[in-house]
């Protein structure tokens, strides 16, 4: 079966098996690039499990499932919105000019309708939670709305992305406890630092095109010091996450093993990082799903140990 043009980080599975007419919508929602929703989902799951450990109760599987559906829907909606705002910039960047909007495979009106449909799915998921979680989800949309414009005015758009992508660290706790507490706030700061680190790596792919298009990023800001900067943000992520575990009473063997495993993975990324190799940058960026899952596995194992 003929497939639509894909990006270097796309998985061909969905495009290979879906009808041709669906391809622009799959690509617009990044359904062929699941790393995005994984990185949005993981802080939700960390926070939900951390709250379970703090309360000495099993995690709520319904919440975990809702966060999964919400992450996929809102990652798709966010990507669609971002592409609508950035369609002119994307047309000038080699890696992104094949996206559905700049390539003309979908029109602006169709993209807007698709955006609303995905947002409604996200809203339906959000309304299944308590009022505090709904409020946090709504608040995150303010940051999501301004994010696409930040690359035009600041070298720190990765920080704005971190503020938006890390809201799950607050929402998972709020959904379980109907309140916020120090562990959730510390976990949020850790997730923000993690996001800045991995998205700086991601931005290395577009350095030359970004300079031509006038797009700003932390990768450009740090220049030759990018490896040290990524190491600093990854280190901050680990410190804040460790403090979150301590504050939640979760600094126990299996949870700490998960954190150490994540730390080893992040250290490997920093050691391998080569700012001049965009293919490697993409590989390292995508590996953050595994880094986040290692931490989640440790927290989940600690929950199970505490129950049995």
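Values in this text are rule-based calculations from the coordinates and carry no lab data. From a predicted model like this one, the values you see are computed outputs, not experimental measurements. Glycine gets a Cβ as well: all are built from the backbone with ideal geometry, and neighbour counts include every protein chain shown.
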Task: Contact order relative to length of the chain, as percent, for alpha carbon pairs under 8 angstrom and 6 or more apart - done: 21
Open item on the list: Would you calculate the convex hull of the Cα atoms in the chain and tell me its volume per residue in Å³?
Closed with: 122
TODO: For region 31-141, just say rounded, prolate or oblate: build the C-alpha gyration tensor, square-root its eigenvalues into a ≥ b ≥ c, call rounded for a/c under 1.5, and beyond that prolate if a/b exceeds b/c, oblate if not.
DONE: prolate
Open item on the list: Using alpha carbons only, how many angstrom separate the centre of region 18-58 from the centre of region 203-264?
Closed with: 19
TODO: Would you mind checking the tilt of helix 182-203 against the longest principal axis of the Cα atoms of the chain, expressed as 0 to 90 degrees and rounded to 10?
DONE: 30
TODO: Provide, in order from the shortest bin, the percent of all Cα-Cα pairs of region 131-209 in each 10 Å bin, continuing until the bin that contains the maximum pair distance.
DONE: 19, 45, 26, 9, 1
Open item on the list: Quick check: from the Cα gyration tensor, does region 92-176 come out rounded (a/c under 1.5), prolate or oblate?
Closed with: oblate
- [ ] Give me the distance between the Cα centres of region 269-306 and region 127-181, rounded to whole Å.
- [x] 22
Open item on the list: I need the shape label for region 187-308. Rule: rounded when a/c is under 1.5, else prolate if a/b > b/c, else oblate, with a, b, c from the alpha carbon gyration tensor.
Closed with: prolate
Open item on the list: Between residue 88 and residue 153, what is 0.36 nm times their sequence separation minus the Cα-Cα distance? Round to one decimal in nm.
Closed with: 21.8 nm
- [ ] Mind pulling the angle between the C-alpha long axis of helix 288-307 and the longest principal axis of the chain? Nearest 10 degrees, somewhere in 0 to 90.
- [x] 20
Task: Helical contribution to [θ] at 222 nm, DSSP H n ≥ 4, -39,500 (n - 2.57), averaged over the chain, rounded to 500 - done: -24500 deg cm²/dmol
Task: Cα-projected label distance for residue 95 with residue 108, points at 7 Å along beta-carbon direction, nm - done: 2.6
Task: Among 162, 214, 292: highest mean-square fluctuation, GNM of the chain, C-alpha pairs under 10 Å - done: 214
- [ ] Would you please give the FRET efficiency between residue 211 and residue 57, computed as 1/(1 + (r/R0)^6) with r the Cβ-Cβ distance and R0 = 51 Å, to the nearest 0.05?
- [x] 0.50
